[in-house]
Every structure is written in C-alpha cells, then in structure tokens.
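Take a look at the structure below.
The values are calculated or read from the model by the stated rules, or taken from the named source; none is laboratory data. No experiment lies behind these values; they were computed from the predicted model shown. A quick note on method: Cβ atoms are made from the backbone with ideal geometry, for glycine too, and the neighbour counts reach across all protein chains shown. Each accessible area value is taken on the protein alone, full model and side chains, heavy atoms only, with ligands, DNA and RNA left out. Shrake-Rupley method; radii C 1.70, N 1.55, O 1.52, S 1.80 Å.
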Amino acid sequence: MNHQYYLTEALKLAQIRKGFAAPNPAVGAVLVLNDEIIASGFHEGVGMAHAEVVACSKVEGDLSEATLYVTLEPCCHWGRTPPCTDLIIKKGIKQVYFGYEDPNPEVAGQGQKILQEHGITCLKVDHDEIKLFYRSYQHWVQTKQPWVVSKLAISLDAKIADEVSKPVNITGQEAKEYTHQGRKRADAILTSAKTIIQDNPFLNVRLNEEVIAKRLFVLDANLDLPLNANIFSSTDKITVFHSSEDEHKISTLKNVGVECQKVAASDNQLNLHEVIQHIGFMGVQELWVEAGGKIFTSLAQQNLTQQSYIYVAPKLLGHDAISAFNASENFFERAKSITWFNLGYDSACEILW
C-alpha cells in the first residue's frame, strides 16, 4: 500500500474546507480496498459529520477488508458529533493510517490508542504536506491565538501609496490571485478602518467564478468606519475593535449588524495582543491580515505574526510616496527564514517569524 499517495489524496479533500471548518480542523479521509479508493469524505464544518463518517457512509456493509486513510488522528471524544473511533470499530475496519496526531488534549494520541486496543492497526505516517497543513491548527491549540499571516504589497523603493496616501495599483494579476487564495485559506481577515476609508476594498474571495464572503475584523479605535463601505455588502460578519466610548457610534454600528469589541489602547493605538487573543478565543485558527505598513510592522515588532508575504513590484513611486515600514529598527533580523519566489512580473517573499 502506498501510504503517502493515499494520505495525499485525503489531504486534497481536507484542503477543500481549509478556512471554513474552524474552530474544528479541516480533515479529509479515503477508504481503500484492493488498492483502489472506494469512498472519500471531508469535514464540512462545525456540527457536520467528520471526514471518516462521510467516507464510511458511502459504503454499505462490512468494511473489514478496507483500509482507512485520514489526515488527522481519529477523534475519540463526544463533541457535537460522536467519536469517530466508535464508528471505525463498528464498521470492522482493521487498518487506519493518519498523517498528524491531533494536538487537542481530548484526543492527543488517545484515538490511536483506543483503536489499537481493539485490535486495529492504527499508525501515524509522516507526511510533510500534512504537517504543514495543520501548522495553524497546532498553533491555535497550543496558544489559543490564531496563526497570523500578514500581507503587504510594496514598490521597489518600499512605498505603498502616493504622497497623499492615495492607493496605487502596485502588483499584477498573479499577486492578486495569490492574495485571494490566502484569504480563502484563512478563517478570517483583519484590516483597519484607515485601509477601508482609503481603499474601500471588498475583502472577500474572488477566484475564477467563485465569490466568497469571509469573516472580517476591523481595527477602528475611534469608530470611524463609514457605513457606505463595500465591506458591508461583501463580508460574512464584521467585528470592530475600538477604544472609543461613543455610545452613539457603537449603537449605529450595532444596528447594522456589526459586533463592537472594546479593547485597551495607548496613544490611540489599540492593544494588538488583546485583539489577537480575542480573535483566537472566537475560534479563528488562521488570520489573514491586510492593513497597511503600520499594522504590518507593529504585528511583526510585537511578535504577533507567524508568517508574512511581501510582494515587490518592479516600479518606483518616488521619494514623497508613503513608506511601507515605520520601524527604526531592522525587524526583519528576527525572521526565522525568508524565501523568495516569483508572481508573474512581481517578486515575493514568504517570511516565517
């Protein structure tokens, strides 16, 4: 049996719901008989059947000759749905291979142990892509904070807007598509009221013919968010972080369905640690950030970013244009790794902090 191949097929299924299953992990599963996949499934989201259940439901009768491949260790506890280990035992499956041990303390090796105690071969198979896939889930379970991915597009002279802060179309189509893929993979997006006021973005996912609304968090200390902004028609749910005590503004935003969350602030700057902790508490495992150079820099300086993308376009905006970074120190020295790649005519780097 080619364990790597079948786990890769299971991973393809899990990737379908990456960014839509939180606070549950996205999981994929395939059932194999005589070296052929006879059934497959993936977890749709909270309250829905788990991947193993979906796959098993597609095959009637005894499965004692089948082998189950699943990206994540089968769960062994009651949540909104029954334990998958119970179903595997009931179906008579004798071999289970999974790609990642569930870091959830309620599972954490216990799923494997229970199956082995029932005479089932249950083994973890090292799979680099699956390990990478569950990076954000592992981080969230361990810290209760999201895996933060920040994105910034700059010119060759490290500028992000013209001299009057007017947005400039910097990058090409390939970089834009890469951004939308990042938005889709994330459970939610974080931006600032300043970005919305200046750019009026939609901050949804637009890939090919697909348009998807995502959950949005907005940094808005003074509650300046304009009610005619595009985000009110393009996003799933909006939460605003603020320090203002203006009851009229709070009431106005709540009346249009916005959740208002007051956090601490200093010199009119919101406490980003508190913001990130709150987002993690709400079950967001991976957070995509598009909020300009100031927020990008602040998150990196405060060690609140785990991964960043910087797109560098082959153009110059000039000395008077707005600089991307506001740091006096070279905070890039903190990076664990910087990997460069091409996005059409643009260059890009992935930074792991």
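Descriptive notes on the structure:
- Failed item, numbered, when Glu286 is tested on (1) surrounded by 19 or more Cβ atoms within 10 Å (Cβ to Cβ); (2) more than 25 Å from Ser233 (Cα to Cα): (2)
- Among the residues making up the stretch 238-257, a single one is in a loop (DSSP other than H, G, I, E, B) and open to solvent by 80 Å² or more (accessible area, probe 1.4 Å): Glu245.
- Residue count for the stretch 258-279 under the criterion of being in contact with a strand residue (DSSP E or B) (Cβ under 7 Å, 6 or more places away or on another chain) and either under 17 Å from Thr305 (Cα atoms) or not in a strand (DSSP E or B) (or both): the result is 8.
- From the options Tyr137, Tyr178, residue that is in a helix (DSSP H, G or I), closer than 21 Å to Asn24 by Cβ and not β-branched (Val, Ile, Thr): Tyr137
- Residues that are among the β-branched types (Val, Ile, Thr) and over 27 Å from Asn271 (Cβ atoms) are absent from the stretch 214-229 altogether.
- Top-ranked residue in the stretch 335-350 [being open to solvent by less than 40 Å² (accessible area, probe 1.4 Å) and assigned to a strand (DSSP E or B); ranked as nearest to Gln307 (Cα to Cα)]: Cys349
- All of Leu72, Leu33 fail the test of being out of contact with any helix residue (DSSP H, G or I) (no Cβ under 7 Å at 6 or more places or on another chain), farther than 30 Å from Lys144 by Cβ and either loosely packed, with under 15 Cβ neighbours inside 10 Å or at pLDDT 95 or above (or both), apart from Leu33.
- Enumeration of residues in the stretch 38-58 that are in contact with a Phe, Trp or Tyr (Cβ under 7 Å, 6 or more places away or on another chain) and either surrounded by fewer than 19 Cβ atoms within 10 Å (Cβ to Cβ) or not in a helix (DSSP H, G or I) (or both): Gly45
- Lys131 vs. criteria over 30 Å from Asp187 (Cα atoms), open to solvent by 40 Å² or more (accessible area, probe 1.4 Å) and charged (D, E, K, R): no
- Every test in (1) in a loop (DSSP other than H, G, I, E, B); (2) at pLDDT below 95; (3) over 15 Å from Ala51 (Cα atoms) is passed by Lys113 save one, and that test is (1).
- When the stretch 177-209 is limited to residues that are over 15 Å from Ala291 (Cβ atoms) and open to solvent by less than 70 Å² (accessible area, probe 1.4 Å), the one that is nearest to the chain's Cα centre (by Cα) turns out to be Asp187.
- If the condition is being open to solvent by 10 Å² or more (accessible area, probe 1.4 Å) and assigned to a loop (DSSP other than H, G, I, E, B), then the stretch 84-98 contributes Gly92, Lys94.
- Residue selected from the stretch 213-237 under the condition part of a strand (DSSP E or B) and open to solvent by less than 10 Å² (accessible area, probe 1.4 Å), by the criterion farthest from Gly293 (Cα to Cα): Leu216
- Yes/no for Leu123 being over 30 Å from Ala291 (Cβ atoms) and either open to solvent by less than 10 Å² (accessible area, probe 1.4 Å) or not in a helix (DSSP H, G or I) (or both): yes
- The set of residues in the stretch 299-324 that are on the phi < 0 side of the Ramachandran plot, surrounded by fewer than 20 Cβ atoms within 10 Å (Cβ to Cβ) and not in a strand (DSSP E or B) comprises Gln301, Gln302, Pro314, Lys315, Leu316, His319, Asp320.
- Qualifying residue in the stretch 147-170 (condition: within 25 Å of Lys18 (Cα to Cα) and either assigned to a helix (DSSP H, G or I) or open to solvent by 50 Å² or more (accessible area, probe 1.4 Å) (or both)): no
- Candidate set: the stretch 277-318, residues that are among the charged types (D, E, K, R) and out of contact with any Phe, Trp or Tyr (no Cβ under 6 Å at 6 or more places or on another chain); chosen: the one nearest to Gln145 (Cα to Cα): Glu290
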